[in-house]
Amino acid sequence: MAEPRPGSPEGALYHPLGAALPAPGRTLEVAPGVRWLRMGLPFALNHLNLWLLRDRIDGREGWTVVDCGIDNAATRANWETVFAEELQGLPVLRVVVTHMHPDHIGLAHWLCERWSGDERVAAGPPQGGTSPLGGWRSGEAASLGAHECRLWISATDWNAARVASSSSTGFGGEEAARFFALHGLLDEASLAGVRARAGYYASLVPQVPRRYRRLMDGQVLHIGGQPWHCIAGYGHAPEHIALHAPGLGEHGVLISGDMVLPRISTNVSVIDLEPEANPLPLFLRSVAAMRALPSQTLVLPSHGQPFTGLHTRITQLLQHHEERLAELLQACAEAPLSAAELLPVLFKRPLDLHQTTFAMGEAIAHLHLLAEEGRLQAVTGGDGVRRWGTVHPRTAPG
């Protein structure tokens, strides 16, 4: 997609920072008091955007972190560089997580533990023996007393993360393999790979903080003197929270999380824990509701470049799903097909196992929407595979 130049018409998609990216362990300012950093991911989608917001809580200066990265050595090392080079000698005061997926919540437990208690000792002195608070005088830190760096997240996603991190279901294992087999994924190598992913979520999110502050739709967080409005979104995660600061910058700032991304479409999946779910209408309504924000809002997505042109991108996403639904209907009109048989219709590129599991969930989500609307019906064959065929309207009596 070509990038419009500055001065493009209202609604055009534009990347104000161009191709600039923050270096590992470094940040870029994207709005007053808002800094962008990136963490690597060991997947085809190879990065996550995170945000540092300058903050002040109970007289204490510091930062609010939005999203965390997965829990692995590389992400922790990246954070260590951020602590040393980018925090201006100030502590992390709270951790806001948009939703429960591993790349967003994985290191929340570590960040909260590291920055809780008396900040002079919470992180431990870095090499060289200086305080992690840099220019803070010890008397000032002591006078503020102990501080607990709290996780802020929706209640639904906190509970879902707690369950997922303590179980072997939902993202792999025997139940997931059975679910995918029901929907036509019968290749033994793929099913063996799915079974081997038992405990996959917990490998990326080994712990979830035991205590948290609840985020809800319409709630306002005051961060660094700016009101940030919580916008709940559904379909991608149980209760995703985006953050909108209408007074920041010229047209406001939206931390969109995974709900609105500039180059790829958000994964909307059905998983084995909720096998009859119909998440796609929830997602489409959630995204469409964001049209209430100004089109030229600066959007800070979890993947890809910051951009403006929110309304244009929403239209593109809605059209994308309408096209996919039409393609599925056309394919199923010729003969009933399973979700696995429909993967080449939705995805035109080769898929690895990780991508296949997401693709299966997304295909099933589209099929469930069409079934809910009465345009497809499911039939389970003698081979135990669920296939979907079009519903033909009854011929009116003549």
*Are any of the residues in region 213-236 farther than 29 Å from residue 291 by Cα, surrounded by fewer than 23 Cβ atoms within 10 Å (Cβ to Cβ), touching a residue at least 12 places away in the same chain (Cβ under 8 Å) and out of contact with any helix residue (DSSP H, G or I) (no Cβ under 9 Å at 6 or more places or on another chain)?*
no
_Filter pass, residue 139 being surrounded by fewer than 16 Cβ atoms within 10 Å (Cβ to Cβ), outside any strand (DSSP E or B) and either of a type in the set (Lys, Arg) or modelled with pLDDT under 95 (or both)_ = yes
*Could you grab me the full set of residues in region 170-209 that are closer than 28 Å to residue 107 by Cα and of a type in the set (Lys, Arg)?*
195, 197
*Mind checking which helices (runs of 4 or more DSSP H) fall wholly inside region 263-360 and carry at least 1 residues that are loosely packed, with under 15 Cβ neighbours inside 10 Å and modelled with pLDDT under 95?*
310-334
_Failed condition for residue 164, given (1) at pLDDT below 95; (2) not in a helix (DSSP H, G or I); (3) not β-branched (Val, Ile, Thr)_ = (2)
*Return yes or no: is residue 206 within 26 Å of residue 113 (Cα to Cα) and either out of contact with any strand residue (DSSP E or B) (no Cβ under 6 Å at 6 or more places or on another chain) or surrounded by 23 or more Cβ atoms within 10 Å (Cβ to Cβ) (or both)?*
yes
*For residues in region 1-33 being touching a strand residue (DSSP E or B) at 6+ places or on another chain (Cβ under 6 Å), surrounded by 14 or more Cβ atoms within 10 Å (Cβ to Cβ) and modelled with pLDDT of 90 or more, which is farthest from residue 80 (Cα to Cα)?*
14
*Among the strands (runs of 3 or more DSSP E) contained in region 176-250, which hold 1 or more residues that are assigned by TED's automatic domain parsing to the domain that holds residue 43 and within 30 Å of residue 367 (Cβ to Cβ)?*
226-233, 240-245
_So, in region 321-362, exactly how many residues are among the small types (Gly, Ala, Ser) and without any contact (Cβ under 8 Å) to a residue 60 or more places away in the chain?_
5
_As an exercise: evaluate residue 88 against (1) assigned to a loop (DSSP other than H, G, I, E, B); (2) at negative phi; (3) modelled with pLDDT of 95 or more and give the number of the one condition it does not meet._
(2)
*asked:* I'd like to check something: does region 320-343 contain any residue that is farther than 18 Å from residue 185 by Cβ and under 20 Å from the mean Cα position of the chain (by Cα)?
replied: yes
*Filter region 251-262 for residues that are of a type outside the set (Val, Ile, Thr) and not in a strand (DSSP E or B); which is surrounded by the fewest Cβ atoms within 10 Å (Cβ to Cβ)?*
251
*Considering only region 263-282, state which residues are over 18 Å from residue 324 (Cα atoms) and in contact (Cβ under 8 Å) with a residue 60 or more places away in the chain.*
271, 272, 273, 275, 276, 277
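Let's see how each residue does on (1) closer than 19 Å to residue 308 by Cα; (2) more than 20 Å from the chain's Cα centre (by Cα); (3) without any contact (Cβ under 8 Å) to a residue 24 or more places away in the chain:
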{"position": "17", "(1), (2), (3)": "yes, yes, no"}
{"position": "26", "(1), (2), (3)": "no, yes, no"}
{"position": "29", "(1), (2), (3)": "yes, yes, yes"}
{"position": "51", "(1), (2), (3)": "yes, no, no"}
{"position": "57", "(1), (2), (3)": "no, yes, no"}
{"position": "63", "(1), (2), (3)": "no, yes, no"}
{"position": "69", "(1), (2), (3)": "no, no, no"}
{"position": "75", "(1), (2), (3)": "no, no, no"}
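The values are calculated or read from the model by the stated rules, or taken from the named source; none is laboratory data. This one's a predicted model, so the numbers in the text were calculated from it and none came from an experiment. Note: ideal-geometry Cβ built from the backbone for every residue, glycine included; neighbour counts use all protein chains shown.
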